[in-house]
Each structure stands twice: as structure tokens, then as C-alpha cells.
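Down below is the structure, laid out as C-alpha cells.
Derivation of every value follows stated rules applied to the coordinates shown; laboratory data play no part. All figures in this text were calculated on a predicted structure; none of them were measured in a lab. Glycine also receives a Cβ, built like all others from the backbone with ideal geometry; neighbour counts cover every protein chain displayed.
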Amino acid sequence: VSRARWQVIYQNALKSGAELEAFFQAPFPKLSYPICIPLPLAERIKLRGLDSPLARQFLPHKDELLPGGLVDPIGDHQHSPTPQIVHRYGSRALLMPTTVCPVICRYCFRKNELYSDDELFKPKLEEALNYLKGHEEIEEVILSGGDPLMLSDKKLAQLIERLVQIPHLRFLRFHTRALTTLPERFSSRLLTVLNRAAKRFDRVSLVFHLNHASELSPKSLKIVGKLRKMSLDLYSQSVLLHGINDSTDTLYELFSSLAQVGITPYYLHHPDSTQGARHFMVALETGRRLYAPLREKLPGWALPRYVLEIPDGGGKTDAFNPESLNFSGTLLTRTGQTVKVNFK
Ligand code: SF4
């Protein structure tokens, strides 16, 4: 089978400590979490320096050994009725067709579940599709992962076709990290698949995960230009991360750059308390102090919602508290329950 260019790039990504050391000519700590950095991204990291915000998101760091944090910090497992579905909110469900990502982010709570081989289609898909069929309250399917765009064009088109056949699904959403880490994935074939999907659902959106304006390379911007010409909604989601974007100026630059190129900033996530990622943690009070001035600086539509996940599967709630910056105590969940939290 001939492989697409992006598949070859993914295949040749740096995936071991020895490969990293040879490429960057620098030592790295030996850790048990998987590594995956496509070479074009590695080249960009090299240019920006091993201490740059780009580097720190993807290169292993000795602080990953710091104790504390949870393997499943947002309680996904409790809301997973079948292995590839997370159904936390009535009208929408996450479907995870793959465990593969274009890159492995050091702060990610799913990094314990990801595989660095190419298991591109998880085996329980039929079960997942049956679940969606049987739940008419679900209007939106969010393809997440892993990264759904790591499926081949053919598999992705087949999956979309299966979803089109479920009459109550009106909206389709993709969560992807590929725009800035493997932009080669956005081949003209993929654009054709997305364009077709856009015609078959009421709305199709792409939510790009990125955390720093420096991730937007000329290649990524060119893709955004093409996607904007199609009937797709383009959004972003970012994680607030210590040492990467924890300053108001950095966040402003990120969101205003996104707004400028036609991507609407959607979510700024407070970091989850993740095992192996404690060094990225930011205190909630700090996050609020950083976010507050953004409300003055950005147009309302370019200001993402700053949200946190209530541990144990409670779901998202607003992280910004207009009454006091240091509030930490009882939060209201979306179903009206009160939960005691302490995010210091
Ligand atoms: S691409 Fe997303 S799911 Fe994959 S490692 Fe990065 S943050 Fe985690």
C-alpha cells in the first residue's frame, strides 16, 4: 500500500530517547512516557531552542517524575458506556476512533493511554456506533482521540459515512492537534473529505488544539486560509500551562493571532492535575489574574471561555470568578450540584 506523505512523516517521527538525543545533540532524561515528534516539527523546535514554548510542550523533562496527580483527572472512565465513547453531556458525545496522535504532548492526561505504534482504528467501533444509534438525544458527535485526523482519508470517509446514516446526528466536530504539529496531514484529499462532510451535516467544526502563537507556521496559516473557504467552523482550544503560556501577553498574542486568521478562540482550559505533568500546573488564582485583563483587550467573540474540569467526572465549569480572584471552595456543576474543590 502506498503511503501518503504525512503517513511517511509520522512513521519517521522521533519516537525514542536515543533518536531525540541524536537529533538534538543533547541529553534527555529516561522516562517511561511515550515520545512522538514529527521531524518537521523537530526542525522548528531546534530553530527556536530547547527551552522555547514550542520545545517544552513536546520534549521529555525530568520534572515528569514529580509525584502527585491523577491518571484520569477528569473522570472520563466513569462516563464511558462503551470503550470508545465518552457521554458526559446529553446532546453530545465524544467518539474516539483512534489512540494515535500526530505528536505526544507532555502535559496530556491521555498520554498514559496513547500508543506510539500505529493502531489506527480501535477495535470496538461497531459497539460505539451502535451506542450512538441507540441514543437519539445525541445531536453532536465529537471525534477526538487520539487525533481523528490520524485515520487515513479512506477510513475517515467511511466513518463519516456511517455517522451520516444516523439520522439524529446534526453536528459533527473534530478535535485535532495536527494543524500545528503535522500540517502535512491537511492534504487536498483530506480537504475533499472535510468538504463533503460539511455538506452532509447541519454544521461541521474543526477545533484546533494549540497553546502558543509560535506554533502557527506559514504552512499552518496556508491551510487555515483554505479551510476558511469551505463551510466549516474553525475554533481553537488551549491549555493554560506553566512555562509555556502563563502570561497575559502570551495569551493575548495567541488569541489575537487566532482571531486575525479566522479561528475563533473557544476554550482556555485550566490544567488538569495530571500524573507526570505537575510541572505545568498553574494555581487557579494565578489563572484568574492572567485571564481577567484579556476581557479588556480582546473583542468578546475572541475571548475564549476559561474553564476547569471538576475532578471525578463533574464536567466543565467556568474557572473565572468575577467576585474574588482567590475563591476556592464550593462550585456549581452544570446539573446544579455543589462540589467542594481546592485548586491551589
Ligand atoms: S494531541 Fe491531544 S490527546 Fe494527543 S498527546 Fe497531545 S494533548 Fe494529548
Wrap a convex hull around the Cα atoms of the chain, take a quarter of its surface area, and give that in square nanometres.
16.9
At 1.567 mPa s and 4 °C, Stokes diffusion of region 117-224 via Kirkwood alpha-carbon radius, µm² per second:
88
How far apart, in nm, are two points set 7 Å out from the Cα along the Cα-to-Cβ line at Leu39 and at His135?
4.2
Of all lysine pairs in region 147-270 that are eight or more residues apart or on different chains, those with Cα atoms under 22 Å apart total 6
Thr192/Ser16 FRET efficiency (R0 30 Å; Cβ-Cβ; nearest 0.05)
0.30
Over the C-alpha atoms of region 190-344, what are the Rg and the largest Cα-to-Cα span, Dmax, in Å?
17.0, 49
When the Kirkwood hydrodynamic radius is evaluated over all pairs of different C-alpha atoms of region 3-109, what value in angstrom, to one decimal, is obtained?
16.0
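Dividing the convex hull volume of the alpha carbon atoms of region 228-278 by its residue count, what do you get in Å³ per residue?
Numbers: hull volume 4.5 nm³, N = 51.
Normalising the Cα hull of region 228-278 by residue number yields 87 Å³.
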Taking every DSSP beta bridge with both residues inside the chain, roughly what % is antiparallel (nearest 5)?
30
In terms of the ratio Rg/(2.2 N^0.38 Å) built on C-alpha atoms, what value belongs to region 1-61?
1.15
State the extension gain, in nm to one decimal, for the chain segment bounded by Tyr267 and Met230, taking 0.36 nm per residue of separation less the distance between their alpha-carbons.
11.1 nm
Rounded FRET efficiency, nearest 0.05, which uses the C-beta distance separating Leu332 from Arg305 and R0 of 25 Å:
0.95
FRET efficiency for Arg48 and Val164, Cβ-Cβ distance as r, R0 = 30 Å, nearest 0.05?
0.10
